[in-house]
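Here's the structure we're looking at; comments come further down.
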Ligand SMILES: *Cc1c(COP(=O)(O)O)cnc(C)c1O
């Protein structure tokens, strides 16, 4: 039997998607060639790119004027591309520092212009989302990280700002309904909730581009990629195809609205057990708990070996916490079935019985 995969990323994908992807690697669309050995300019692959783009627009209900790109370099390259395209040499970018990924994002912006950290939750090991802070006006953009994969915190409301709003949604895109008209640039590495590693989804409001005075290298220039429909150079065909399959799966399931309900159900079951069971303690502040990454610790570490043995024996994989936080992290992305969450809860209850 396949394991219950709680990996934080690369993460679980739907079984039917893996099946179709493996078939396409051998014989794509019945053309007796592999998906990964045909030209990205062939009609068969261009149709994949078009479909993937259309599904993103449809599933997220993107307003007019927003474009979708499939790039490479991961969310980590977007940390650099965002300031390259939006931060003028005299301007200032504001960052909300809610974890290691935000900190890496703001590091890349430094040197391209002025960067201000407007709020940070570093004082408490990033276990919350800062709420009371002042946002100056006139920033070139404000950057936030919607879901903090390592700590299990998530923005429930986004800052109101008159500046451009840039958001790293790597680990919660397609997990809940959001009003995308509030955002100007959104990016997400595929491998958390959309597909395999190898492509990065970028959603950009086209009118914000081309406004600054910087020479942008072609590969870092959103306008170059837009003008070539994500095919300025060879796109990551396999990653785009598997992302397309995952988005089709999501659409068949009822779209983002339907998956949001399921995600809420999975998360509330697991958090309820963490709160009920005296052997566990949640890491993130309750109001800021993520629906995607559930972080917790043992209240008594002397039982660690027993708990680790129990979940291992139950076929559970990938719940070790990030090395910087310790404890445990159960990532319950879109493709994780409720039955796997239940399997983990069963282990937590069996653990309680054995300790007592
Ligand atoms: C994983 C992750 C990243 C890094 O993504 P790469 O695609 O590996 O560069 C950035 N931000 C967040 C929130 C992440 O979870």
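Any read-out appearing in this document is the output of simple, stated calculations on the displayed coordinates, not a laboratory observation. Note that the structure is a prediction, hence the values are computed from the model and not measured. Here the Cβ is made from the backbone with ideal geometry for all residues, glycine too, and neighbour counts use every protein chain on show.
When you restrict to C-alpha pairs under 8 Å that are six or more residues apart and normalise by the size of the chain, the relative contact order lands at 23 percent. Given the C-alpha centroids of the range 193-209 and the range 49-68, what is the distance between them in whole angstrom? Value for the Cα centre distance between the two parts: 10 Å. Beta bridges per DSSP, both residues in the chain: antiparallel share near 50 percent. Taking a label point 7 Å from the Cα of residue 269 along the Cα→Cβ vector, which residues of the range 319-347 have an amide N closer than 12 Å to it? Only 336-347 fall inside the zone, counting backbone N under 12 Å. What separates the Cα centres of the range 81-158 and the range 19-38 is a distance of 41 Å.
Shape verdict for the chain, please, from the Cα gyration tensor: rounded (a/c under 1.5), prolate (a/b greater than b/c) or oblate. Kindly include the intermediate steps, with their values, before the conclusion.
Details: a/c = 2.17, a/b = 1.21, b/c = 1.79.
Because a/c hits 1.5 or more and a/b fails to exceed b/c, the chain counts as oblate.
With the alpha-carbon atoms of the range 255-355 aligned to their principal axes, the span from lowest to highest coordinate is 43, 27, 25 Å, starting with the largest.
Once the Cα gyration tensor of the range 132-257 is diagonalised, what are the square roots of 5 times its eigenvalues, in whole Å and ordered largest first, as equivalent ellipsoid semi-axes?
25, 22, 12
Once every DSSP H run of n ≥ 4 in the chain is given -39500 (n - 2.57) and the sum is divided by its residues, what mean residue ellipticity at 222 nm do you get, rounded to the nearest 500 deg cm²/dmol? If you can, show how the numbers build up before the last one.
On the way: 9 runs with 126 residues, N = 356.
When only DSSP H runs of four or more count, the value is -11500 deg cm²/dmol.
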